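Okay, structure first, notes after.
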Amino acid sequence: MKTKNIIFYLIGLLLFSSCDDMFEPAKENTRQLEAMVQETDYVYGLLIYGYNRLPYLRVTTTDVATDDAVTNNSGDNYKKMALGTWTSDNDPMTQWNACKDGIQYVNLFLKYVNDVNWAKSAESKQQMFIDRLTGEALGLRAIFYYHLLLAHAGYADDEKLYGVPLLTESEDGSSNYNQPRAEFSKVVEQIFKDCDQADTLLPAQYKDLDDESLIPKKYLALGAQLSGYNLVFGAKMAKNLICGKVVQAIKAQTALLAASPAYRDQSGVSSETAAKICAAVLKDVEFDPEGNIWYRNVTQLSSSTSVMPEILWRAEWEKANSEQESDNFPPSQNGGGKINPTQNLVDAFPMANGYPITDSRSNYDPKNPYANRDPRLDEDIIYDGSVFKGTVIITGTYGPADNKDNINNSGSQHTLTGYYMKKLLRDDAGPSAKSTTPANQPHIFPRIRYTEMFLAYAEAANDAGGANYKVPGFNLSAYDVIKMIRQRGGIGKDEKGEYVGDPYLDECASDNTGAKMRDLIRNERRIELCFENKRFYDLRRWLLPINVSAKGVQVDQNDDETLRYTILDVEPRQYESYQYYGPIPNSEVLQWSALQQNKGW
C-alpha cells in the first residue's frame, strides 16, 4: 500500500486487523478521520496498525545472503540476491513501503492522541494514557526510521550521505509527496529526539507498583492512585509493548550504526557517544549466565508471562509454533534442513582455550576438526558426528545407504555445506524420526537481546578508547564484556568447568592499536548473534569483504575407517562494491524527482 493512500483505506480496514479482538466491530466504516476522536478504538487502531508494521523477522532468513549460511531452497530470494540478482527493482531487503506506512500511521495517531478521551473517570488516568501511548508512538517511529536507514541509507552521486525523507507529521490528500531524502545525520537526530522524548513518557519496564510514593510526582499531583497507575503502566502491559528500555536500545542501535565505518564520516555520531548511549541501556542490567541458550529454557518458554533476563524486548508469546524446527531439523528428523551453516562460520569458532584455529597455539587438528572446540560450536551447529535428539547425525558420504542427512543425498532437503543449524531450535519440538506430525511447543521470538546490547557497548567503547576504556559512571570495559561472554560460552575452562584464563583475550586487549580487540569483538558478535539476521548488515556497516564465497566440508571415510575432510566451494557471493548501501526502490525514484538514488544503483 502506498503511504499516500493510507488515509483512504484506513476507515474500512482498522477493525479488521490481526488485533481485532481488542475492538468492538464498527457498525459502519465510512467515518471521517476527525470523527475518530469520539471513539478511542478508532484512534488506538492507528497505533495498532503501527505495531503491525514492525520489521522484525521470526525465523532465520537473511544469513543465507552472507558468508555464514546457505539454504537448500533454490527459490529463496535472499539466496538469489547473494548470487547477483540484487537490483533496485528486486530488493528482498527493502523496508521502504512497510516502514513508511508505519510512520504514516503513528504520525496520524500523534495528531489525534491528545484529543481522545482515553479515561472518562480520572484526569490522572487520562494523562497517563496520553503519555504512554505517545511514548509508544514515538518509539515506533524511531524503529521505523532506524530500519529505513539500515536498508536504504547511502551515498548519492553528490558524495553526501543520505537517509530517507523525514516526515514527522501525517500526510493527507493535499501533501507534497515529492520529498527529498534528508541527510543521514538529520534522520539520526530525529531518531534520538523521538527516543529521548519517549523515554521521558514511558516506564523503563512495565511493572506493578505496591507503594503509592513510587508513582511519578506529576501523576500524584493529578490524584493518581496505585490502581490507576498499574492499569496504565503495570505488569499487564509487559508482554510486547514499547517501554523505556526498548527506546533506549533503539537509540543505541542507531548510534552504533552511525558510528560504524560505513557511516561515521558524515553521521555526526562518534564512537564515544555511541558507547555512552549503549551504557545507558545496560545500567542496572545483570548479565545473564545462560543468555546464549535462552531458547532452551523450557520452563520460561512455557509461560506467556515469563520474564526472561536475556530478552530486552520480544514479540508475543506463541503457545504452539515450531516453524523454525520444521524448516531446519535434519532430514533424518523429518525436518527440511533449510539453513546450512558454512565452513566459514564454523572456522570462526575458536578452540576451547580461546585461540583462533589459525593460531599455532590453539592445538587445532584439521584431521579431527571438532575436538576441543569452543563449546558454543556444539550448541549452535550440527556437524558430522553430532548427537541431536538422541541420534548421531552423519553428514558425510559414509554410513547407511539410506542416510537422508548425507551431503550428497539426492533429495532436496539435505545439507549443502555438511552442516545443519542447531541454534534457536527446541529439540522437543517439530517433527521427529518417530512421527511426521509436528510436536508444536511454546516459543518466544526476541526482537532485542541484552547480549546484543553488551556487544554493541564493547564495540563502541573499544573504538572510542581501547579495550580497557570505560564510559564514566559505568563499570565495564570492552575487555570486561568480552571476557564475560567468552567465559559464559565455555572459553578458558578446564575439564572440571573451572575458569583458568583466556590468554588470547588478554593478548588482544594489550594490542595498543586496538585492531586485534576490534576483530575479536566482531568475531564474538558473529558467533553470539549467528542465525539472528544480523550478519548481513554487520558486514556492510563494517565495510568488510562481502564477496567471500560460502564454503562447506565433505567428510569421507578412508579404508582404515579414519575420516577425511575436504573443504568445498559451495556458493559464490556476487555483490558489487556499491552494494554496501541498499537502494532506494527504483519505482519511487522514477515517480518522485526529488529522490536521489544511492550511487551505483
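The values are calculated or read from the model by the stated rules, or taken from the named source; none is laboratory data. No experiment lies behind these values; they were computed from the predicted model shown. Note: ideal-geometry Cβ built from the backbone for every residue, glycine included; neighbour counts use all protein chains shown. For accessibility, only protein heavy atoms count, side chains too; no ligands or nucleic acids. Shrake-Rupley method; radii C 1.70, N 1.55, O 1.52, S 1.80 Å.
Miscellaneous remarks
- Residue match in the stretch 463-476 (condition: among the small types (Gly, Ala, Ser), open to solvent by 20 Å² or more (accessible area, probe 1.4 Å) and under 25 Å from the mean Cα position of the chain (by Cα)): yes
- The one condition from (1) of a type in the set (D, E, K, R); (2) modelled with pLDDT of 95 or more; (3) closer than 30 Å to VAL164 by Cα; (4) open to solvent by less than 30 Å² (accessible area, probe 1.4 Å) that ARG264 does not meet is (4).
- Those residues of the stretch 189-236 which are buried (at least 17 other Cβ atoms within 10 Å of the Cβ) and either at positive phi or hydroxyl-bearing (Ser, Thr, Tyr) (or both), in sequence order: TYR206, TYR219, TYR229
- Top-ranked residue of the stretch 299-337 - restricted to ones that are more than 24 Å from ASN523 (Cα to Cα) and among the charged types (D, E, K, R), ranked as most open to solvent (accessible area, probe 1.4 Å): LYS319
- Against the conditions (1) of a type in the set (A, V, I, L, M); (2) in contact with a Phe, Trp or Tyr (Cβ under 7 Å, 6 or more places away or on another chain); (3) assigned to a loop (DSSP other than H, G, I, E, B), LEU57 satisfies every one except (2).
Matching residues to (1) in contact with a helix residue (DSSP H, G or I) (Cβ under 9 Å, 6 or more places away or on another chain); (2) at pLDDT 90 or above; (3) in a loop (DSSP other than H, G, I, E, B); (4) more than 18 Å from ARG296 (Cα to Cα):
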position	(1), (2), (3), (4)
GLY385	no, yes, yes, yes
GLY396	no, yes, yes, yes
ASN408	no, yes, yes, yes
SER412	no, no, yes, yes
THR417	yes, yes, yes, yes
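Conditions tested, residue by residue: (1) without any contact (Cβ under 8 Å) to a residue 60 or more places away in the chain; (2) open to solvent by less than 40 Å² (accessible area, probe 1.4 Å).
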residue: TYR479; (1), (2): yes, no
residue: ILE491; (1), (2): no, yes
residue: GLU495; (1), (2): yes, no
residue: GLY501; (1), (2): yes, yes
residue: GLU507; (1), (2): yes, no
residue: GLU528; (1), (2): no, yes
residue: ARG541; (1), (2): no, yes
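- The stretch 122-161: number of residues that are open to solvent by 20 Å² or more (accessible area, probe 1.4 Å) and either in contact with a strand residue (DSSP E or B) (Cβ under 9 Å, 6 or more places away or on another chain) or not in a helix (DSSP H, G or I) (or both): 6
- Residue among GLU325, GLU316 that is closer than 30 Å to ILE48 by Cβ, within 29 Å of the chain's Cα centre (by Cα) and assigned to a loop (DSSP other than H, G, I, E, B): GLU316
- Residue ID - least open to solvent (accessible area, probe 1.4 Å), chosen from residues in the stretch 274-298 that are basic (Lys, Arg) and over 30 Å from LYS422 (Cα atoms): LYS276
- Pair list, Cβ under 6 Å, 6 or more apart: the stretch 212-223 residue of a type in the set (A, V, I, L, M, F, W, C), other residue in a loop (DSSP other than H, G, I, E, B) and surrounded by 12 or more Cβ atoms within 10 Å (Cβ to Cβ): ILE215/ALA224
- Looking only at the stretch 422-462, and only at residues there that are among the hydroxyl-bearing types (Ser, Thr, Tyr) and at pLDDT 95 or above, the one that is most open to solvent (accessible area, probe 1.4 Å): TYR450
- Of the residues making up the stretch 543-560, those that are of a type outside the set (S, T, N, Q), surrounded by fewer than 18 Cβ atoms within 10 Å (Cβ to Cβ) and within 26 Å of GLY399 (Cβ to Cβ) are ASP556, ASP559, ASP560.
- Some residue of the stretch 556-569 being assigned to a loop (DSSP other than H, G, I, E, B), closer than 23 Å to ASN468 by Cβ, over 27 Å from the mean Cα position of the chain (by Cα) and not basic (Lys, Arg): no
- Cβ-Cβ contacts under 6 Å between residues 6 or more apart (or on different chains), taken from a first residue in the stretch 354-383 that is open to solvent by less than 30 Å² (accessible area, probe 1.4 Å) to a second residue that is of a type in the set (S, T, N, Q), are listed as TYR355/SER362.
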